[in-house]
Structures are given as C-alpha cells and as structure tokens.
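See structure below.
The values are calculated or read from the model by the stated rules, or taken from the named source; none is laboratory data. A quick note: this is a predicted structure, and the numbers were derived from the prediction, not measured. Note: ideal-geometry Cβ built from the backbone for every residue, glycine included; neighbour counts use all protein chains shown.
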Amino acid sequence: MNKAEIDSLVRAFLVETAEPAKANPRVQQVVVRLVQDLFKAIEDLDLSPSEVWRGIEYFAEAGASHELGLLAAGLGLERFLDIRADEAEVRAGLTGGTPRTIEGPLYVAGAPESTGFARLDDGSEEANGEVLFMQGTVYGADGRPLPGARVEVWHANLLGGYSFFDPSQAPFNLRRTIVADSEGRYRLRSMVPMGYGCPPEGTTQRLLDQLGRHGRRPAHIHFFVSAPGHRKLTTQINIDGDEYLWNDFAFASREGLVPALTRVTDPRALREQGVDQPFASIDFDFRLLPEADGAPPAEVVRQRMAA
Ligand code: FE
C-alpha cells in the first residue's frame with residue numbers, strides 16, 4: 001500500500017467507525033497518527049507478522065516488569081522531551097536557568113523534609129565509600145536567593161541501587177527534601193554515588209544489546225527544585241571523572257551540570273564537618289526560571305511512587 005492508502009485505511013478503521021460525540025478528539029488525533037505511522041513502518045520495513053507480534057510481546061513484558069520508564073530513557077525519548085521543553089522555554093523568552101535534565105523513573109514522593117541541611121545516607125556504606133558534602137544557594141528570577149525553595153534530592157547507593165526499588169535499603173535512604181534556609185542555601189551530607197546500569201536480564205538491556213549499545217549511566221544525583229512563582233526544575237548533577245560521563249545511555253549529561261568535585265583533607269575542615277576521613281565537596285547553585293505566559297507547564301504529570 002502507498003502512504004495515502006494507509007492514511008485512509010486507518011481513518012476508515014478508527015474515525016469512520018466512531019460516534020463523533022463520544023470520541024475524545026485529542027486521543028483520536030494522536031492514536032490515528034501513531035497507527036498511521038506504525039502501519040507505514042510495517043509497510044516500509046516489510047515487517048512479518050511474527051516480527052509485529054514479537055514487538056507487541058516485548059512491550060507487554062517491559063510493562064509487566066516496570067521497565068517502560070527505563071526504556072523511554074534508553075531510547076532517548078525522555079531526552080527528546082527535554083530538548084522540546086528547552087525550545088519552548090526559549091520561545092517564551094526564558095533563558096539562563098540551571099539546565100534541566102531527565103527525571104528518570106526512580107523518584108519517590110514523601111521523603112523526610114528538613115530546613116537548610118539534611119544527611120541523606122543512613123551510614124551503612126560509610127566504610128566502603130567517600131563522604132560527600134554538597135552545598136549551594138537557590139536563586140530566583142531576579143538573581144536573588146530564594147529562601148524556602150524546596151530541594152528534593154535522590155541518588156543511588158554505592159551498588160547503584162535506589163531505596164524502594166532496592167529492597168535491601170531502608171525506606172527513603174538517599175532521599176530527602178531540603179527547604180532552603182533564610183538565605184536560600186541548602187547543604188547535604190551523603191556518600192559519593194556510583195554509576196549504575198540497566199538490570200542485566202531486563203527488557204531494556206535486552207533491546208540495548210540488540211542495538212549494540214551499553215546500558216550504563218554515569219554517577220549522578222537527581223534534583224527537583226521548586227519555589228512559588230518559579231518553574232519547577234528537574235535536573236541532575238554528574239560526578240566528574242566517571243568513565244561514562246559523556247557516554248550516558250540515557251543522554252542526561254549536559255554542560256553546566258558537571259560541577260567540580262574537590263577532595264578535602266585538611267584536619268580542621270574534617271573536624272568542622274564532623275568526619276574522621278577525607279571527604280568530597282561539591283558547590284552547586286540552582287537558578288530557577290520565572291513562570292512566564294506562553295511557556296508550557298514545567299510540572300510533568302506522570303505516575304510516581306509515593307510512600
Ligand atoms: Fe538515577
């Protein structure tokens with residue numbers, strides 16, 4: 001079939017059979033377009049019925065194993081949505097904030113909240129890794145600090161696992177909400193995270209293998225930063241020096257999100273921070289964009305775990 005024939009076939013299947021008053025126009029528009037594009041791909045690539053069913057079975061399995069969020073990251077879909085969000089902000093005249101990058105599928109709402117400072121780790125890995133202090137200021141539209149801004153932070157442990165998804169960790173380990181203090185500052189203590197990869201036996205890695213791609217992420221820390229009158233920022237910072245820093249299977253590394261990591265060995269600084277071994281320190285300020293007419297919502301509505 002040619003493309004015009006496919007277009008009218010899909011309209012005959014999905015539109016001409018519909019009771020217009022009962023159809024959701026947006027859903028109808030999207031589904032018609034996606035089915036037309038799928039049928040054209042089947043035609044162009046001469047997919048066999050067995051291949052088509054293999055694809056359907058793949059999505060069923062990926063869904064049943066809760067890997068569709070990971071797949072979206074690995075195919076670049078989540079990064080593509082970020083590129084479009086960046087473009088929409090530029091069109092709305094919004095520039096200059098901390099770069100956004102992907103959320104990923106591992107946020108959990110409801111983390112313990114504190115003002116100014118939080119320790120993220122429960123101490124169970126302290127003998128195996130490096131203590132991290134990270135600190136900075138949340139700035140707003142006018143370049144002034146934003147007291148009361150909410151810094152939600154989450155990251156993996158030294159084995160690359162996230163609490164709740166990794167049952168060996170205590171609930172909310174390495175997850176906190178820090179409310180910026182009266183000067184807009186936040187500070188956290190944790191462990192320098194390690195990178196991680198897709199579950200090796202999972203559906204995402206299986207597809208990546210077929211594509212000849214790895215499924216590794218460089219070490220990173222996730223953030224949501226929000227304040228009234230400002231656009232919610234979804235971002236990550238990377239741990240500099242990771243071998244996958246610019247080779248992330250999820251395409252989340254960005255210029256401006258790789259702060260310097262300094263190693264502090266001065267005994268007095270160790271005493272001041274209450275640690276007995278050298279630690280890593282990262283300074284990083286967040287700069288939020290103001291809300292603006294014409295910019296699409298910065299809040300992405302998606303299912304997230306809450307505890
Ligand atoms: Fe992550």
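Residue-by-condition table, conditions (1) acidic (D, E); (2) under 30 Å from the mean Cα position of the chain (by Cα):
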| residue | (1), (2) |
| --- | --- |
| N2 | no, no |
| V10 | no, no |
| E19 | yes, no |
| K22 | no, no |
| P25 | no, no |
| Q28 | no, yes |
| F39 | no, no |
| D44 | yes, no |
Which numbered condition F223 fails, given (1) aromatic (F, W, Y); (2) out of contact with any helix residue (DSSP H, G or I) (no Cβ under 9 Å at 6 or more places or on another chain); (3) over 18 Å from D283 (Cβ atoms):
(3)
Taking the condition more than 16 Å from the ligand (Cβ to nearest atom), within 30 Å of I56 (Cβ to Cβ), of a type in the set (A, V, I, L, M) and in the same structural domain as E125 (by TED's automatic domain parsing), does L270 pass?
no
Options P199, P193: the member that is within 14 Å of the ligand (Cβ to nearest atom), within 26 Å of R150 (Cβ to Cβ) and not in a strand (DSSP E or B)
P193
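Quick grid of which residues meet (1) free of Cβ contacts under 8 Å to residues at least 40 places away in the same chain; (2) in contact with a strand residue (DSSP E or B) (Cβ under 8 Å, 6 or more places away or on another chain); (3) under 22 Å from V153 (Cβ atoms):
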residue: P199; (1), (2), (3): no, no, no
residue: G202; (1), (2), (3): no, no, no
residue: R206; (1), (2), (3): yes, no, no
residue: D209; (1), (2), (3): yes, no, no
residue: G212; (1), (2), (3): yes, no, no
residue: P218; (1), (2), (3): yes, yes, yes
residue: S226; (1), (2), (3): no, yes, yes
residue: K232; (1), (2), (3): no, yes, yes
residue: D240; (1), (2), (3): yes, yes, yes
Are there any pairs with C-beta distances below 6 angstrom linking a residue in the range 284-300 that is closer than 18 Å to E103 by Cα to a residue that is part of a loop (DSSP other than H, G, I, E, B) and polar (S, T, N, Q), with the two at least 6 apart or on different chains, and if so which?
F286/T98; R287/T98
Residue that is within 15 Å of the ligand (Cβ to nearest atom) and modelled with pLDDT of 95 or more, where the choices are A219, A260, A280:
A219
A127 being hydrophobic (A, V, I, L, M, F, W, C), at pLDDT below 95 and more than 22 Å from D240 (Cβ to Cβ)
yes
Residues in the range 233-283 that are out of contact with any Leu (no Cβ under 8 Å at 6 or more places or on another chain), acidic (D, E), assigned to a loop (DSSP other than H, G, I, E, B) and over 30 Å from L71 (Cα atoms) total 1
It is to be established whether one or more residues within the range 252-261 are under 24 Å from L120 (Cα atoms), among the basic types (K, R) and assigned by TED's automatic domain parsing to the domain that holds R189.
no
